[in-house]
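The values are calculated or read from the model by the stated rules, or taken from the named source; none is laboratory data. Quick caveat, the model's predicted, so the values are computed rather than measured. With ideal geometry, Cβ positions are generated from the backbone for all residues, glycine too; neighbour counts draw on all protein chains shown. Keep in mind that these areas ignore ligands, DNA and RNA; they rest on the heavy atoms of the full protein, side chains included. Shrake-Rupley method; radii C 1.70, N 1.55, O 1.52, S 1.80 Å.
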Amino acid sequence: KTHFFSGLTAMEKKLAEYKCNTNEAIQLKLVRFPEDLEDDNTTFNPEYSHQVFGDDEVAFGYKGLKILLYYIAGNLSTLFRIEYTSKVNEKFDCVEADDVESKIREIIPPGFCTNTDDFVSLLEKEVNFKPFGMLLHTYSIHNEEAGEDITYQIYKADMTCPGFREYHERLQTFLMWFIETASFIDVDDERWNYFLVFEKYNKDGATLFATVGYMTVYNYYVYPDKTRPRVSQMLILPPFQGEGHGAQLLETVHRYYMSSPTVLDITAEDPSENYVKLRDFVLVKLCQDLLCFSPVKLMQGFSQEMVTEAQQKLKINKQHTRRVYEILRLRATNMGDAEQSRSYRLDVKRRLIGPYKKKQRELAKMRRCLRPEEMTNQLNQIDLNLQREQLEESFQQLVSDYRRVLERLAQA
(Lines give C-alpha, C1' and ligand atoms only; values in the text may rest on other atoms or scores of the structure.)
Protein backbone atom coordinates (compact mmCIF):
# COMPACT_ATOMS: atom_id res chain seq x y z
CA LYS A 1 0.00 0.00 0.00
CA THR A 2 2.70 2.45 1.01
CA HIS A 3 4.36 1.93 -2.31
CA PHE A 4 1.17 2.91 -4.15
CA PHE A 5 0.79 6.18 -2.22
CA SER A 6 4.39 7.28 -2.64
CA GLY A 7 3.91 6.64 -6.35
CA LEU A 8 0.94 8.98 -6.31
CA THR A 9 2.83 11.82 -4.65
CA ALA A 10 5.70 11.44 -7.10
CA MET A 11 3.14 11.71 -9.86
CA GLU A 12 1.54 14.70 -8.16
CA LYS A 13 4.95 16.32 -7.78
CA LYS A 14 5.64 15.77 -11.44
CA LEU A 15 2.31 17.24 -12.47
CA ALA A 16 2.79 20.24 -10.15
CA GLU A 17 5.85 21.13 -12.21
CA TYR A 18 3.52 21.50 -15.18
CA LYS A 19 1.54 24.36 -13.68
CA CYS A 20 2.24 27.88 -14.91
CA ASN A 21 1.05 31.22 -13.55
CA THR A 22 -0.73 32.75 -16.53
CA ASN A 23 -0.02 36.33 -15.42
CA GLU A 24 3.67 35.54 -15.86
CA ALA A 25 3.28 33.33 -18.93
CA ILE A 26 1.44 35.97 -20.96
CA GLN A 27 3.93 38.41 -22.46
CA LEU A 28 2.55 41.55 -24.05
CA LYS A 29 4.38 44.00 -26.27
CA LEU A 30 3.63 47.16 -28.24
CA VAL A 31 6.10 47.04 -31.11
CA ARG A 32 7.45 50.08 -33.01
CA PHE A 33 10.79 48.78 -34.33
CA PRO A 34 11.87 45.24 -35.29
CA GLU A 35 14.45 45.27 -32.47
CA ASP A 36 11.61 45.64 -29.90
CA LEU A 37 10.83 41.95 -30.51
CA GLU A 38 14.06 40.84 -28.84
CA ASP A 39 14.10 43.56 -26.17
CA ASP A 40 12.81 42.37 -22.78
CA ASN A 41 12.37 45.97 -21.63
CA THR A 42 9.41 46.37 -23.97
CA THR A 43 7.58 43.35 -22.48
CA PHE A 44 4.81 43.77 -19.92
CA ASN A 45 2.47 41.30 -18.21
CA PRO A 46 -1.21 41.24 -17.34
CA GLU A 47 -2.51 42.25 -13.94
CA TYR A 48 -5.37 39.79 -14.31
CA SER A 49 -5.95 36.64 -16.32
CA HIS A 50 -8.77 35.06 -14.28
CA GLN A 51 -11.42 35.91 -16.86
CA VAL A 52 -9.64 33.71 -19.38
CA PHE A 53 -7.85 31.14 -17.21
CA GLY A 54 -10.05 30.83 -14.10
CA ASP A 55 -9.69 32.16 -10.58
CA ASP A 56 -6.35 30.56 -9.77
CA GLU A 57 -4.81 32.05 -12.96
CA VAL A 58 -3.02 28.82 -13.83
CA ALA A 59 -2.46 26.93 -17.07
CA PHE A 60 -1.77 23.23 -16.64
CA GLY A 61 0.31 20.93 -18.80
CA TYR A 62 3.38 22.95 -19.77
CA LYS A 63 6.83 23.76 -18.50
CA GLY A 64 8.32 27.13 -19.39
CA LEU A 65 5.09 28.29 -20.96
CA LYS A 66 5.18 31.59 -22.83
CA ILE A 67 2.05 33.05 -24.40
CA LEU A 68 3.26 35.79 -26.72
CA LEU A 69 0.78 38.52 -27.62
CA TYR A 70 2.64 41.20 -29.53
CA TYR A 71 0.85 44.20 -31.02
CA ILE A 72 2.07 46.69 -33.57
CA ALA A 73 2.08 49.98 -31.63
CA GLY A 74 -0.41 51.87 -33.80
CA ASN A 75 -2.99 49.72 -35.53
CA LEU A 76 -2.53 46.83 -33.07
CA SER A 77 -2.07 44.07 -35.66
CA THR A 78 -1.34 41.03 -33.54
CA LEU A 79 1.23 38.26 -33.31
CA PHE A 80 0.06 35.31 -31.21
CA ARG A 81 2.38 32.42 -30.40
CA ILE A 82 2.75 29.79 -27.73
CA GLU A 83 6.15 28.49 -26.67
CA TYR A 84 7.13 25.94 -24.00
CA THR A 85 10.03 23.69 -23.08
CA SER A 86 7.90 20.60 -22.48
CA LYS A 87 4.29 19.48 -22.40
CA VAL A 88 2.50 16.61 -20.64
CA ASN A 89 1.57 13.77 -22.87
CA GLU A 90 -1.79 12.03 -22.78
CA LYS A 91 -0.22 8.67 -23.68
CA PHE A 92 2.43 8.67 -20.96
CA ASP A 93 1.09 10.98 -18.27
CA CYS A 94 -2.58 10.04 -18.66
CA VAL A 95 -3.54 13.69 -18.44
CA GLU A 96 -4.30 16.33 -21.00
CA ALA A 97 -2.71 19.76 -21.16
CA ASP A 98 -5.04 22.78 -21.09
CA ASP A 99 -5.98 24.06 -24.51
CA VAL A 100 -4.35 27.45 -24.03
CA GLU A 101 -4.67 28.43 -27.66
CA SER A 102 -8.45 28.17 -27.85
CA LYS A 103 -8.81 30.17 -24.62
CA ILE A 104 -6.80 33.03 -26.11
CA ARG A 105 -8.56 32.74 -29.48
CA GLU A 106 -11.84 33.39 -27.67
CA ILE A 107 -10.80 36.92 -26.83
CA ILE A 108 -8.52 38.00 -29.68
CA PRO A 109 -10.14 38.62 -33.06
CA PRO A 110 -9.17 36.40 -36.01
CA GLY A 111 -6.61 37.57 -38.58
CA PHE A 112 -3.55 37.57 -36.30
CA CYS A 113 -0.06 36.47 -37.37
CA THR A 114 1.49 33.29 -36.01
CA ASN A 115 5.04 33.87 -37.17
CA THR A 116 7.49 36.69 -36.65
CA ASP A 117 8.35 37.29 -40.32
CA ASP A 118 4.74 38.05 -41.24
CA PHE A 119 4.51 40.36 -38.25
CA VAL A 120 7.68 42.27 -39.19
CA SER A 121 6.45 42.75 -42.76
CA LEU A 122 3.22 44.23 -41.36
CA LEU A 123 5.35 46.53 -39.23
CA GLU A 124 6.74 48.13 -42.41
CA LYS A 125 3.19 49.17 -43.42
CA GLU A 126 2.62 50.89 -40.08
CA VAL A 127 3.72 54.22 -41.58
CA ASN A 128 0.27 54.33 -43.28
CA PHE A 129 -1.63 54.09 -39.99
CA LYS A 130 -3.45 57.27 -38.97
CA PRO A 131 -5.66 57.91 -35.92
CA PHE A 132 -9.42 57.53 -36.34
CA GLY A 133 -12.01 60.25 -36.07
CA MET A 134 -11.82 63.86 -35.02
CA LEU A 135 -8.89 65.50 -33.24
CA LEU A 136 -10.04 67.04 -29.92
CA HIS A 137 -6.84 67.89 -28.05
CA THR A 138 -3.05 67.94 -28.41
CA TYR A 139 -0.65 68.08 -25.47
CA SER A 140 2.98 67.31 -24.78
CA ILE A 141 4.81 65.75 -21.85
CA HIS A 142 8.51 66.07 -21.18
CA ASN A 143 10.19 62.67 -21.28
CA GLU A 144 13.29 62.42 -19.08
CA GLU A 145 14.65 59.32 -20.81
CA ALA A 146 14.37 60.73 -24.32
CA GLY A 147 15.35 64.21 -23.10
CA GLU A 148 12.60 65.81 -25.18
CA ASP A 149 8.92 66.70 -25.25
CA ILE A 150 6.67 64.03 -26.67
CA THR A 151 3.41 65.00 -28.36
CA TYR A 152 0.11 63.21 -27.72
CA GLN A 153 -3.29 63.61 -29.35
CA ILE A 154 -6.81 62.70 -28.30
CA TYR A 155 -9.41 61.76 -30.93
CA LYS A 156 -13.11 61.01 -30.83
CA ALA A 157 -14.00 58.10 -33.10
CA ASP A 158 -17.09 56.13 -34.05
CA MET A 159 -17.95 52.97 -35.94
CA THR A 160 -18.42 54.84 -39.23
CA CYS A 161 -14.63 55.50 -39.39
CA PRO A 162 -13.17 53.02 -41.91
CA GLY A 163 -11.21 50.28 -40.13
CA PHE A 164 -12.18 51.44 -36.66
CA ARG A 165 -14.46 48.49 -35.87
CA GLU A 166 -11.64 45.98 -36.46
CA TYR A 167 -9.12 48.16 -34.61
CA HIS A 168 -11.44 48.45 -31.61
CA GLU A 169 -11.79 44.66 -31.48
CA ARG A 170 -8.02 44.36 -31.10
CA LEU A 171 -7.83 47.24 -28.62
CA GLN A 172 -10.51 45.91 -26.26
CA THR A 173 -8.63 42.63 -25.71
CA PHE A 174 -6.37 44.61 -23.34
CA LEU A 175 -9.33 45.13 -20.99
CA MET A 176 -9.25 41.43 -20.07
CA TRP A 177 -5.71 41.74 -18.74
CA PHE A 178 -6.02 45.08 -16.91
CA ILE A 179 -9.59 45.53 -15.69
CA GLU A 180 -10.79 43.12 -13.04
CA THR A 181 -14.37 42.76 -14.28
CA ALA A 182 -14.00 43.63 -17.93
CA SER A 183 -16.60 42.94 -20.55
CA PHE A 184 -16.77 43.63 -24.28
CA ILE A 185 -19.37 46.15 -25.39
CA ASP A 186 -22.06 45.97 -28.08
CA VAL A 187 -20.48 48.11 -30.77
CA ASP A 188 -23.66 48.11 -32.86
CA ASP A 189 -25.33 50.32 -30.27
CA GLU A 190 -24.85 53.82 -31.65
CA ARG A 191 -25.00 55.44 -28.22
CA TRP A 192 -21.33 54.55 -27.59
CA ASN A 193 -18.65 57.22 -27.96
CA TYR A 194 -14.98 56.30 -28.22
CA PHE A 195 -12.10 58.55 -27.18
CA LEU A 196 -8.55 57.51 -28.12
CA VAL A 197 -5.10 58.70 -27.06
CA PHE A 198 -2.13 58.44 -29.45
CA GLU A 199 1.54 59.31 -29.19
CA LYS A 200 3.35 60.81 -32.18
CA TYR A 201 6.79 59.30 -32.78
CA ASN A 202 9.43 59.39 -35.51
CA LYS A 203 10.72 56.46 -37.51
CA ASP A 204 13.09 56.92 -40.47
CA GLY A 205 12.05 60.56 -40.87
CA ALA A 206 8.31 59.83 -40.90
CA THR A 207 5.74 60.63 -38.19
CA LEU A 208 3.91 57.60 -36.85
CA PHE A 209 1.20 57.13 -34.22
CA ALA A 210 1.17 54.72 -31.30
CA THR A 211 -1.89 53.73 -29.26
CA VAL A 212 -1.67 54.96 -25.64
CA GLY A 213 -5.15 54.28 -24.25
CA TYR A 214 -8.85 54.92 -24.62
CA MET A 215 -12.21 55.50 -22.99
CA THR A 216 -15.72 54.38 -23.89
CA VAL A 217 -18.72 56.48 -22.88
CA TYR A 218 -22.37 55.49 -23.14
CA ASN A 219 -24.98 58.20 -23.79
CA TYR A 220 -28.03 57.52 -21.64
CA TYR A 221 -31.23 59.19 -22.71
CA VAL A 222 -32.84 61.52 -20.17
CA TYR A 223 -36.45 62.58 -20.74
CA PRO A 224 -37.38 64.66 -22.68
CA ASP A 225 -34.40 65.82 -24.74
CA LYS A 226 -31.16 65.39 -22.80
CA THR A 227 -28.43 62.77 -22.43
CA ARG A 228 -26.32 61.70 -19.49
CA PRO A 229 -22.97 60.32 -20.71
CA ARG A 230 -21.65 57.52 -18.50
CA VAL A 231 -17.98 56.58 -18.55
CA SER A 232 -17.85 52.83 -18.97
CA GLN A 233 -14.28 51.72 -19.57
CA MET A 234 -11.01 53.55 -19.38
CA LEU A 235 -7.57 52.10 -19.91
CA ILE A 236 -4.16 53.67 -20.28
CA LEU A 237 -1.82 50.91 -21.50
CA PRO A 238 0.83 49.97 -18.89
CA PRO A 239 3.90 51.39 -20.70
CA PHE A 240 2.21 54.81 -20.50
CA GLN A 241 0.73 54.67 -17.00
CA GLY A 242 1.71 57.25 -14.39
CA GLU A 243 2.48 59.96 -16.97
CA GLY A 244 -0.77 61.91 -16.62
CA HIS A 245 -2.61 60.62 -19.71
CA GLY A 246 -5.67 59.55 -17.72
CA ALA A 247 -6.18 63.09 -16.47
CA GLN A 248 -5.70 64.55 -19.96
CA LEU A 249 -8.22 62.08 -21.39
CA LEU A 250 -10.87 62.62 -18.73
CA GLU A 251 -10.55 66.39 -18.88
CA THR A 252 -10.77 66.34 -22.69
CA VAL A 253 -13.89 64.17 -22.56
CA HIS A 254 -15.47 66.54 -20.00
CA ARG A 255 -14.66 69.52 -22.19
CA TYR A 256 -16.13 67.76 -25.22
CA TYR A 257 -19.47 67.22 -23.45
CA MET A 258 -19.40 70.67 -21.79
CA SER A 259 -19.87 72.26 -25.18
CA SER A 260 -23.06 70.30 -25.80
CA PRO A 261 -26.33 71.91 -24.67
CA THR A 262 -28.17 68.58 -24.57
CA VAL A 263 -25.82 66.97 -22.03
CA LEU A 264 -27.11 67.06 -18.47
CA ASP A 265 -24.07 65.78 -16.57
CA ILE A 266 -21.46 63.02 -16.68
CA THR A 267 -21.43 59.91 -14.50
CA ALA A 268 -19.36 56.72 -14.32
CA GLU A 269 -20.22 53.07 -14.14
CA ASP A 270 -18.91 51.25 -11.06
CA PRO A 271 -15.69 53.33 -10.78
CA SER A 272 -12.48 51.85 -9.37
CA GLU A 273 -10.60 53.56 -6.53
CA ASN A 274 -7.96 54.79 -8.96
CA TYR A 275 -10.59 56.23 -11.25
CA VAL A 276 -12.21 58.11 -8.36
CA LYS A 277 -8.83 59.67 -7.45
CA LEU A 278 -8.29 60.65 -11.06
CA ARG A 279 -11.77 62.12 -11.33
CA ASP A 280 -11.36 64.08 -8.07
CA PHE A 281 -8.22 65.66 -9.48
CA VAL A 282 -9.74 66.53 -12.86
CA LEU A 283 -13.00 67.91 -11.47
CA VAL A 284 -11.29 69.99 -8.79
CA LYS A 285 -8.95 71.37 -11.47
CA LEU A 286 -11.97 72.35 -13.60
CA CYS A 287 -13.96 73.79 -10.67
CA GLN A 288 -11.37 75.68 -8.67
CA ASP A 289 -11.87 78.93 -10.57
CA LEU A 290 -15.67 79.00 -10.42
CA LEU A 291 -16.97 81.94 -8.37
CA CYS A 292 -19.17 79.69 -6.25
CA PHE A 293 -16.03 77.96 -4.94
CA SER A 294 -14.31 81.12 -3.65
CA PRO A 295 -12.80 80.65 -0.15
CA VAL A 296 -15.48 82.85 1.42
CA LYS A 297 -18.29 80.78 -0.10
CA LEU A 298 -16.58 77.48 0.75
CA MET A 299 -16.55 78.50 4.41
CA GLN A 300 -20.31 79.13 4.30
CA GLY A 301 -20.95 75.49 3.43
CA PHE A 302 -22.19 73.41 0.51
CA SER A 303 -24.81 75.29 -1.51
CA GLN A 304 -27.33 74.84 -4.29
CA GLU A 305 -25.41 77.52 -6.20
CA MET A 306 -22.39 75.16 -6.37
CA VAL A 307 -24.57 72.31 -7.63
CA THR A 308 -26.18 74.49 -10.31
CA GLU A 309 -23.00 76.17 -11.53
CA ALA A 310 -20.94 72.95 -11.67
CA GLN A 311 -23.70 71.19 -13.55
CA GLN A 312 -24.51 73.95 -16.01
CA LYS A 313 -20.96 75.02 -16.80
CA LEU A 314 -18.97 71.81 -16.36
CA LYS A 315 -21.57 68.98 -16.57
CA ILE A 316 -20.61 67.70 -13.12
CA ASN A 317 -23.33 65.94 -11.13
CA LYS A 318 -24.39 66.78 -7.58
CA GLN A 319 -22.60 63.90 -5.85
CA HIS A 320 -19.27 64.73 -7.50
CA THR A 321 -19.74 68.46 -6.87
CA ARG A 322 -20.06 67.68 -3.17
CA ARG A 323 -16.67 65.93 -3.22
CA VAL A 324 -15.11 68.85 -5.11
CA TYR A 325 -16.51 71.20 -2.46
CA GLU A 326 -15.03 69.11 0.37
CA ILE A 327 -11.60 69.02 -1.30
CA LEU A 328 -11.54 72.75 -2.05
CA ARG A 329 -12.84 73.58 1.42
CA LEU A 330 -10.02 71.49 2.92
CA ARG A 331 -7.56 73.62 0.94
CA ALA A 332 -9.14 76.81 2.27
CA THR A 333 -9.28 75.53 5.87
CA ASN A 334 -6.52 76.05 8.40
CA MET A 335 -6.61 72.60 10.03
CA GLY A 336 -4.29 73.92 12.76
CA ASP A 337 -7.10 76.22 13.90
CA ALA A 338 -9.34 74.32 16.32
CA GLU A 339 -12.54 76.12 15.33
CA GLN A 340 -11.96 75.84 11.55
CA SER A 341 -10.96 72.18 11.70
CA ARG A 342 -13.91 71.27 13.94
CA SER A 343 -16.30 72.99 11.57
CA TYR A 344 -14.78 71.10 8.60
CA ARG A 345 -14.90 67.76 10.39
CA LEU A 346 -18.56 68.18 11.33
CA ASP A 347 -19.48 69.24 7.82
CA VAL A 348 -17.93 66.15 6.19
CA LYS A 349 -19.14 63.75 8.89
CA ARG A 350 -22.68 65.01 8.52
CA ARG A 351 -22.58 63.80 4.94
CA LEU A 352 -20.89 60.53 5.86
CA ILE A 353 -23.45 59.74 8.55
CA GLY A 354 -26.40 59.89 6.13
CA PRO A 355 -26.29 56.20 5.16
CA TYR A 356 -25.66 55.19 8.81
CA LYS A 357 -28.72 57.08 10.01
CA LYS A 358 -30.88 55.44 7.40
CA LYS A 359 -29.63 52.01 8.49
CA GLN A 360 -30.18 52.97 12.12
CA ARG A 361 -33.82 53.85 11.45
CA GLU A 362 -34.39 50.56 9.65
CA LEU A 363 -32.78 48.60 12.49
CA ALA A 364 -34.81 50.44 15.11
CA LYS A 365 -38.02 49.63 13.22
CA MET A 366 -37.09 45.99 13.01
CA ARG A 367 -36.15 45.76 16.68
CA ARG A 368 -39.34 47.42 17.85
CA CYS A 369 -41.21 44.52 16.37
CA LEU A 370 -38.86 41.94 17.87
CA ARG A 371 -37.53 43.15 21.20
CA PRO A 372 -38.41 44.96 24.42
CA GLU A 373 -37.71 48.69 24.54
CA GLU A 374 -34.76 48.77 26.97
CA MET A 375 -32.78 46.30 24.92
CA THR A 376 -33.07 48.57 21.90
CA ASN A 377 -31.50 51.47 23.78
CA GLN A 378 -28.58 49.38 24.97
CA LEU A 379 -27.90 48.09 21.49
CA ASN A 380 -28.15 51.57 20.05
CA GLN A 381 -25.49 52.70 22.51
CA ILE A 382 -23.09 49.95 21.34
CA ASP A 383 -23.89 50.81 17.74
CA LEU A 384 -23.21 54.49 18.35
CA ASN A 385 -19.72 53.88 19.71
CA LEU A 386 -18.86 51.59 16.84
CA GLN A 387 -20.38 54.07 14.45
CA ARG A 388 -18.28 56.91 15.87
CA GLU A 389 -15.11 54.88 15.35
CA GLN A 390 -16.04 53.91 11.80
CA LEU A 391 -17.03 57.47 11.03
CA GLU A 392 -13.72 58.83 12.32
CA GLU A 393 -11.86 56.21 10.27
CA SER A 394 -13.79 57.09 7.09
CA PHE A 395 -13.14 60.77 7.73
CA GLN A 396 -9.37 60.31 8.17
CA GLN A 397 -9.18 58.17 5.03
CA LEU A 398 -11.04 60.82 3.03
CA VAL A 399 -8.84 63.63 4.26
CA SER A 400 -5.70 61.74 3.25
CA ASP A 401 -7.18 61.04 -0.21
CA TYR A 402 -8.16 64.71 -0.51
CA ARG A 403 -4.65 65.86 0.46
CA ARG A 404 -3.18 63.73 -2.32
CA VAL A 405 -5.48 65.41 -4.82
CA LEU A 406 -4.42 68.83 -3.54
CA GLU A 407 -0.72 67.91 -3.75
CA ARG A 408 -1.16 66.82 -7.35
CA LEU A 409 -3.07 70.02 -8.07
CA ALA A 410 -0.27 72.12 -6.60
CA GLN A 411 2.18 70.46 -9.00
CA ALA A 412 -0.07 70.73 -12.07
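The table below lists the values:
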{"quantity": "Lysines with Cα under 19 Å of Lys359, excluding same-chain neighbours fewer than 8 positions away", "calculated": "Lys349"}
{"quantity": "Over 23 Å between alpha carbons, listed pairs Lys29/Lys285; Lys13/Lys87; Lys130/Lys156; Lys297/Lys358", "calculated": "Lys29/Lys285; Lys297/Lys358"}
{"quantity": "Inter-site label distance for Asp99 and Asn45 at 7 Å from Cα along Cβ, in nm", "calculated": "2.7"}
{"quantity": "Distance-filtered residues of the stretch 20-51 - backbone nitrogen under 16 Å, label point 7 angstrom along Glu180 Cα→Cβ", "calculated": "47-51"}
{"quantity": "Net dipole in debye of the chain [+1 Lys, Arg Cβ; -1 Asp, Glu Cβ; about Cα centre; nearest 20]", "calculated": "2240"}
{"quantity": "Of all DSSP beta bridges in the stretch 1-128, antiparallel share, percent nearest 5", "calculated": "65"}
{"quantity": "Counted charge near Val120, where neighbours are those whose Cβ lies closer than 15 Å (Asp, Glu -1; Lys, Arg +1)", "calculated": "-4"}
{"quantity": "For the chain, calculated [θ]222 nm from helices alone, where every DSSP H run of n ≥ 4 adds -39500 (n - 2.57)", "calculated": "-14500 deg cm²/dmol"}
{"quantity": "Accessible surface of the stretch 131-331, 1.4 Å probe, proportion on carbon and sulfur as whole %", "calculated": "47"}
{"quantity": "Additional length obtainable on full extension of the chain from Arg368 to Arg403, 0.36 nm per residue less Cα span", "calculated": "8.3 nm"}
{"quantity": "Principal-axis tilt of helix 245-258 within the chain, Cα atoms, nearest 10 degrees", "calculated": "60"}
{"quantity": "Prolate/oblate/rounded call for the stretch 281-361, Cα gyration tensor, a/c under 1.5 rounded", "calculated": "oblate"}
{"quantity": "Dipole magnitude of the stretch 13-126 about its Cα centre (Cβ charges: Lys, Arg +1; Asp, Glu -1), debye to nearest 20", "calculated": "260"}
{"quantity": "Solvent-accessible area per residue for the chain (1.4 angstrom probe, square angstrom)", "calculated": "55"}
{"quantity": "Cα gyration tensor category, rounded, prolate or oblate, for the chain with a/c compared to 1.5", "calculated": "oblate"}
{"quantity": "Residue-span extension gain [Leu386 to Thr308] - 0.36 nm each, minus C-alpha spacing", "calculated": "24.5 nm"}
{"quantity": "Peptides 249-256, 147-154, 351-358, 220-227 ordered by average Cβ neighbours within 10 Å, highest first", "calculated": "249-256, 147-154, 351-358, 220-227"}
